[in-house]
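Written out below as structure tokens is the structure these notes cover.
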Amino acid sequence: MTAPARRIQLQENLNRTRDAIAAACADAGRDPGSVRLIVVTKTFPAADAAALVELGQADLGENRHQEAAPKAAALAELGLEPVWHFVGQLQRNKVPSAVEYADWVHSVDRPKLAAALEHARKMSLRVGNLNVLLQVSLDGDTSRGGAPIAELEPLAEQIAGYHCLDLKGVMAVAPLGWEPAKAFALLRECSEAVRRVDPAATEISAGMSGDFREAVACGATMVRLGRNVLGEREAMA
Ligand SMILES: *Cc1c(COP(=O)(O)O)cnc(C)c1O
């Protein structure tokens, strides 16, 4: 159960965040309906995630399987089924369980991970394909996740040959120390390269609490916001 005061706070934060996204769209001359808000609930309790769904927030994100799986199960127990977006680095041994709750995986960045997702989704009893985005390492430092830019087209071609994955587009996190506008302009070029392989892969997942305005200006179709809606996180391990 969520305390009434927390629920009111989440409602206010959601309203303020949706207004800010709409304003960023207006500044960019874009339709506010062209940007989907994903609220990243990592480190916050399942009760907060449940309250957000009850407040009408349909898309939630998580970045660690160990936390996402029990949270998704807790919400399902309450009869709440948000669209779950997995946005963090994913180990192959976690893939069979991740495909059971994830509707989207934003962090596909290597051939073996794509193959494991295809296999696991094929084995799963879940109906429908898994939506995937190719995560790009814009600065080539792949330790934080993401494929080098040169590997995007081969990965897109690999996934185009699959039956249980739908390639939807690209995702990135602005590299540390980069101007967000420069990062997201480069991501847009990556999106164009991927769309030359698969014209349906039109989604661009970019923008966090500190830089979503720049991402919207550069064409983001999905923004992933945590702190703006839920508040500051405790220091993470
Ligand atoms: C945590 C996280 C976010 C949200 O970050 P905030 O700064 O809280 O908005 C977005 N994307 C990824 C991949 C994350 O891990």
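Please name all residue pairs, on different chains or six or more residues apart, with Cβ atoms under 7 Å, provided the first residue is in region 92-118 and is within 17 Å of residue 170 (Cα to Cα) and the second residue is among the small types (Gly, Ala, Ser) and within 16 Å of the ligand (Cβ to nearest atom).
Going by the 7 Å Cβ cut-off, the qualifying pairs are 106/205; 107/88; 107/145; 109/145; 109/146; 109/147; 110/147.
Can you tell me which residues in region 216-230 are away from the ligand (no atom under 11 Å from the Cβ), within 21 Å of residue 83 (Cα to Cα) and among the small types (Gly, Ala, Ser)?
Correct list: 220 only.
Quick check on this structure: which one of 233, 213 is within 13 Å of the ligand (Cβ to nearest atom), assigned to a loop (DSSP other than H, G, I, E, B) and of a type in the set (Lys, Arg)?
Only one candidate passes the filter, namely 233.
Does residue 203 meet the test of being modelled with pLDDT of 95 or more, in contact with a strand residue (DSSP E or B) (Cβ under 7 Å, 6 or more places away or on another chain) and among the charged types (D, E, K, R)?
Yes: the conditions hold for residue 203.
Let's see how each residue does on (1) within 14 Å of the chain's Cα centre (by Cα); (2) among the charged types (D, E, K, R); (3) over 27 Å from residue 47 (Cβ atoms):
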| position | (1), (2), (3) |
| --- | --- |
| 73 | no, no, no |
| 82 | yes, no, no |
| 91 | no, no, yes |
| 95 | no, no, yes |
| 114 | no, no, yes |
| 118 | no, yes, yes |
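State all residues of region 35-82 that are more than 22 Å from residue 96 (Cα to Cα), more than 16 Å from the ligand (Cβ to nearest atom) and acidic (Asp, Glu); if no residue qualifies, say none.
Of everything in region 35-82, just one residue is more than 22 Å from residue 96 (Cα to Cα), more than 16 Å from the ligand (Cβ to nearest atom) and acidic (Asp, Glu), namely 54.
Could you count how many residues in region 148-171 are among the acidic types (Asp, Glu) and not in a helix (DSSP H, G or I)?
1
Looking only at region 198-207, count how many residues are touching a residue at least 40 places away in the same chain (Cβ under 8 Å) and within 16 Å of the chain's Cα centre (by Cα).
Qualifying residue count for the region: 3.
Does residue 155 qualify as being away from the ligand (no atom under 16 Å from the Cβ), crowded, with 22+ Cβ neighbours inside 10 Å and among the hydrophobic types (A, V, I, L, M, F, W, C)?
Considered against the rule, which asks whether it is away from the ligand (no atom under 16 Å from the Cβ), crowded, with 22+ Cβ neighbours inside 10 Å and among the hydrophobic types (A, V, I, L, M, F, W, C), residue 155 comes out as yes.
Which of the numbered conditions does residue 139 fail, given that it passes all the others? Conditions: (1) in a loop (DSSP other than H, G, I, E, B); (2) surrounded by 17 or more Cβ atoms within 10 Å (Cβ to Cβ); (3) under 19 Å from the mean Cα position of the chain (by Cα).
Condition (3) is where residue 139 drops out.
Confirm whether residue 145 is away from the ligand (no atom under 16 Å from the Cβ) and either charged (D, E, K, R) or without any contact (Cβ under 8 Å) to a residue 60 or more places away in the chain (or both).
no
Go through region 180-210 and report how many residues are near the ligand (Cβ under 10 Å from one of its atoms) and surrounded by fewer than 19 Cβ atoms within 10 Å (Cβ to Cβ).
3
Looking at region 139-148, can you tell me whether even one residue there is in contact with an Asp or Glu (Cβ under 8 Å, 6 or more places away or on another chain) and not small (Gly, Ala, Ser)?
Within region 139-148, one or more residues are in contact with an Asp or Glu (Cβ under 8 Å, 6 or more places away or on another chain) and not small (Gly, Ala, Ser).
The values are calculated or read from the model by the stated rules, or taken from the named source; none is laboratory data. The shown structure was predicted, so the numbers you read here are calculated from the model rather than taken from an experiment. Cβ: placed from backbone, ideal geometry, glycine included. Neighbour counts: every protein chain shown.
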